[in-house]
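Asker: Provided herewith is a single structure, encoded as structure tokens, for subsequent inquiry.
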Amino acid sequence: MLLSVRLFCVLFIIFFSTLTSFPQIHNVIESGADHITISFNFGNSYSVIDTLSEGRLYQKIRGEEHSYRNPGEPWLPEYIVLIGIPFNSNYEFRILNQKQSSKKNQFIIPYPEENPDFVKHDFENINKNIYSKDEMFPVSAVSFGDGYVVRYASILPIKISPYQFNPVTRELVYNHNLVVRVNFDSPELENIIPINDEMTNDFLNNSTLNFDVAKNFTGKTISVDSPASQSSDWYNPAKNYFKFYLNKKGVYRLTYEELVSAGVQLGSNTQTSKLEIFNYGISVPIHVFDSNSDQTFNSGDYFQFVGFPPTPTPACKQNIYNLSNVYWFSYESDSTGFNYVNTLGYPDFYNKSYFVNERTLHFERDSLYERLGYAPPLGDRDYWFWDRASSQDSVPTHVFNQYFETFPSWFVPD
């Protein structure tokens, strides 16, 4: 046992030192508010080795890390770096310098669809569309991946192909060195407010090449009609805030007495116009009931508002990370609070009448997450299910029964 532990330690040290001995592949030459220039030097990072399959000679490329492609595509490595860009930015790339070398009579094996050990080569599911074209794959050594958002940052993947392969001429091109410039613009957006978020900055600092610039692009998407669009700073550390945790949609009422008993130091001179609530950084409208109309929030008074559960996670009916939604309450508003206004319920003149109101009822509970094996993704496929049902040899092994709740009294079926 002691010998095996020592052997493991020696192997781990050798492996770690090998990883740290590789030279830096990319280097940022210049980074600005509308561009970034990056050099890539692959040097001896990859090697082309011969492999036999059913008596035929093929080539595969071996590098420092395992590379992935879509099944059936030529198994070429791909090097990806990330940059932060403004939201809804338009971007383009230019290759400023490119040094190449080529090999003839090469045939790169396709990426296998199955077999995670990659021992057996898969030629049955070869992508015939790619392998029958007399052109390089990929066409360009540089491309963009699909952009995505991490918390409050817009991220753009830059994909670099050290190798390009022409299946018809069997030419394999190696891009030793590349200098790439990526240009992007900063559109004026009314629905994005700047935000300084520590977790977002940590991600940008650890994952992107242009942290010093990208941290200035972070922002939060809001409704253009929201009052928060007029101000990017809703949180004031000099104020006293109190949190409400809600997990159901409904109208919530909080009385003066309830707040005082919970420790809110309202005193006897708090103006009703200074009450405010924020959710997701957006001001929430409230209705204040002033029992004696003295414009002071005191005994007998209350306010009420419409509260919601946490915003559902994309492609889900619920938030899979948070069970409660947080509402921030303060009695020290910098201006007049965001209150409901009285509107005449029976106007003398109108041109539209509404007799029905459409509403969607959702009874399923998201309690089981299942990726459905190799089922292809279909848009925003919902992988959350209520439960499972299974059988073996026509005999049920797991049965699911669930009766729907009683429909509301106002529900009228078609």
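Asker: Calculate, in nm to one decimal, what ASN206 and LEU378 gain on full extension: separation in residues at 0.36 nm each, minus their alpha carbon distance.
Answerer: Residue separation times 0.36 nm, minus the Cα-Cα distance, leaves 58.7 nm.
Asker: Just rank LEU378, LEU76, fewest to most, by other beta-carbon atoms within 10 angstrom.
Answerer: LEU378, LEU76
Asker: Tell me the net charge near PHE303. Cut-off is 14 Å between Cβ atoms, PHE303 excluded, with +1 for each Lys or Arg and -1 for each Asp or Glu.
Answerer: Summing Lys and Arg as +1 and Asp and Glu as -1 gives -3.
Asker: Expressed in nm to one decimal, what extension gain is obtained for the pair ASN292 and THR221 from 0.36 nm per residue of sequence separation less their Cα-Cα distance?
Answerer: Going from the current span to full extension adds 21.5 nm.
Asker: Still on this structure, please answer the following. Determine which lysines satisfy two conditions relative to LYS133: a Cα distance under 17 Å, and not lying fewer than 8 residues away in the same chain.
Answerer: Answer for LYS133, where 17 Å is the Cα cut-off: LYS104, listed by chain and number.
Asker: Turning to a different aspect of this structure: Treating the beta-carbon of each Lys and Arg as +1 and of each Asp and Glu as -1, no other charges, what is the dipole magnitude of the chain about its Cα centre, to the nearest 20 debye?
Answerer: Computed charge dipole of the chain: roughly 1200 debye.
Asker: Another question, if that's okay. Counting helices only, and only those DSSP H runs with n ≥ 4, report the 222 nm mean residue ellipticity of the chain as the sum of -39,500 (n - 2.57) divided by its residues, in deg cm²/dmol to the nearest 500.
Answerer: Taken over the chain, the calculation gives -3000 deg cm²/dmol.
Asker: If each residue's Cβ is checked for other Cβ atoms within 10 Å, how do SER67, SER299 rank with the fewest at the top?
Answerer: Ascending number of Cβ neighbours within 10 Å: SER299, SER67.
Asker: Rank by packing, highest mean first: peptides 246-253, 170-177, with packing defined as the count of other Cβ atoms within 10 Å averaged across residues.
Answerer: Going by the mean number of other Cβ atoms within 10 Å, highest first, we get 170-177, 246-253.
Asker: How much FRET efficiency would the formula 1/(1 + (r/R0)^6) give for TYR369 and ARG62, where r is the Cβ-Cβ distance and R0 is 25 Å, rounded to 0.05?
Answerer: Efficiency computed from Cβ-Cβ geometry: 0.10.
Asker: In what order do VAL264, VAL395, VAL326 fall by count of nearby beta-carbon atoms within 10 Å, going from fewest to most?
Answerer: Arranged by neighbour count, lowest to highest, VAL264, VAL395, VAL326 become VAL395, VAL326, VAL264.
Asker: Using only the Cα atoms of segment 237-378, build the gyration tensor, take square roots of its eigenvalues as a ≥ b ≥ c, and label the shape rounded, prolate or oblate: rounded if a/c is under 1.5, else prolate if a/b is larger than b/c, else oblate.
Answerer: Oblate.
Asker: Place +1 on the Cβ of every Lys and Arg and -1 on the Cβ of every Asp and Glu in the chain, take the dipole about the Cα centre, and give the residue among ILE61, ASN90, PHE137 whose Cα lies farthest towards its positive end.
Answerer: Projecting each Cα onto the dipole axis, the largest value belongs to ILE61.
Asker: Please name whichever of GLN271, VAL284, TYR245 sits farthest to the positive end of the charge dipole of segment 241-344, dipole taken about the Cα centre and charges placed at Cβ: Lys and Arg +1, Asp and Glu -1.
Answerer: The Cα lying farthest towards the positive end belongs to TYR245.
Asker: By the scheme Lys and Arg +1, Asp and Glu -1, what is the net charge of all other residues having a beta-carbon under 15 Å from that of PHE400?
Answerer: My count for the surroundings of PHE400 gives -2.
Asker: Computed over the Cα atoms of segment 56-120, what is the convex hull's projected area averaged over all directions, in nm²?
Answerer: If you wrap the Cα atoms of segment 56-120 in a convex hull and average its projections, you get 7.5 nm².
Asker: So what's the chain giving for Rg/Rh, alpha carbon basis, Kirkwood Rh from the mean inverse pair distance?
Answerer: 1.08
Read the figures in this text as sums done on the coordinates, not as results from a lab. What you see is a predicted model, and the numbers here were worked out from it, not measured in a lab. Neighbour counts run over all protein chains shown; Cβ positions are idealised from the backbone, glycine included.
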